[in-house]
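For reference, the structure discussed in these notes is given below.
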Amino acid sequence: MKLIPVVDLMQGQVVHARLGERQDYQPIQSPLCDSSEPISIIQALAALYRFDTLYIADLDAIQGNSGQIALLKLIQQNFPKIEILLDAGFNHAEQITQYPKVITPVIGSESLSSLQQLQNIHRHLNGSYVLSLDFKQGFLGCQEILQSSECWPEIVIAMCLSHVGSELGPDWECLQSCHALKPSAQWIAAGGVRHRQDLQALEKIGFSSVLLASALHKQAI
């Protein structure tokens with residue numbers, strides 16, 4: 001099981017994502033670090049173990065505001081050996097050109113209003129991106145995307161936002177339903193993972209990677 005730390009950025013700070021209620025997110029208070037400054041948080045996470053991939057959500061960009069491009073470039077410069085998976089609300093390929101080429105774009109379904117948008121991105125990037133299927137009391141985005149797994153890239157995230165930062169554990173029904181749509185994909189689970197037992201259960205249902213935040217800061221994993 002590959003562990004991928006998550007950093008949620010909002011107004012230049014790392015925030016504590018919880019239940020997908022972004023209007024309530026506050027700067028993170030982590031036992032690992034006495035700051036919510038992104039470079040410090042990433043350094044603290046890197047001290048836990050030598051991870052090679054980092055997931056970053058630019059929540060400002062996802063919500064339709066100006067993205068934090070300069071900060072993201074600074075992060076990439078400070079951690080050049082770490083692959084960055086970036087969700088910045090991308091819904092067309094031209095947006096991605098503003099970012100360093102070494103960043104792997106994450107295309108969130110909540111940012112897409114049509115299957116054609118995904119198909120255009122898929123062609124432009126030749127499939128070299130990660131698709132995030134976003135859920136919060138139902139699927140977020142164009143339903144046709146969920147029904148068109150032949151248009152998906154090789155790596156897919158099942159993002160259960162209503163379980164993020166909670167003590168609820170993973171949304172097992174949602175995760176299993178997603179996996180069944182394309183068992184051949186490389187699946188990443190996101191939302192509610194608490195401990196090693198959850199990791200073992202995720203492996204059993206076909207997930208090879210997991211996005212983690214709260215469990216790392218609490219040092220439960």
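The values are calculated or read from the model by the stated rules, or taken from the named source; none is laboratory data. None of the values given here were measured: they were computed from a predicted structure. Please note: Cβ atoms are built from the backbone with ideal geometry, for glycine as well, and neighbour counts cover all protein chains shown.
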Just give me the residues in region 110-141 being touching a Cys at 6+ places or on another chain (Cβ under 7 Å) and either surrounded by 17 or more Cβ atoms within 10 Å (Cβ to Cβ) or part of a loop (DSSP other than H, G, I, E, B) (or both), in sequence order.
-> 112, 113, 114, 115, 118, 122, 133, 135
Residues 144, 150: which one is in contact with a Lys or Arg (Cβ under 9 Å, 6 or more places away or on another chain) and either at pLDDT 95 or above or not in a loop (DSSP other than H, G, I, E, B) (or both)?
-> 150
Selection within region 21-55 - of a type outside the set (Ser, Thr, Tyr), assigned to a strand (DSSP E or B) and out of contact with any His (no Cβ under 7 Å at 6 or more places or on another chain) | 27, 33, 54
Tally of residues being in a loop (DSSP other than H, G, I, E, B) and either aromatic (Phe, Trp, Tyr) or at pLDDT below 95 (or both) across region 172-207 = 6
Among the residues of region 39-49, is any surrounded by fewer than 13 Cβ atoms within 10 Å (Cβ to Cβ) and either out of contact with any Gly (no Cβ under 6 Å at 6 or more places or on another chain) or within 16 Å of residue 165 (Cα to Cα) (or both)?
-> yes
Going through region 178-221 one residue at a time, which ones are within 22 Å of residue 129 (Cα to Cα) and free of Cβ contacts under 8 Å to residues at least 24 places away in the same chain?
-> 180, 183, 184
Check whether at least one residue in region 194-211 is surrounded by fewer than 21 Cβ atoms within 10 Å (Cβ to Cβ) and on the phi > 0 side of the Ramachandran plot, and report yes or no.
-> yes
Within region 56-96, the count of residues that are among the small types (Gly, Ala, Ser), farther than 20 Å from residue 213 by Cβ and in a helix (DSSP H, G or I) comes to 2
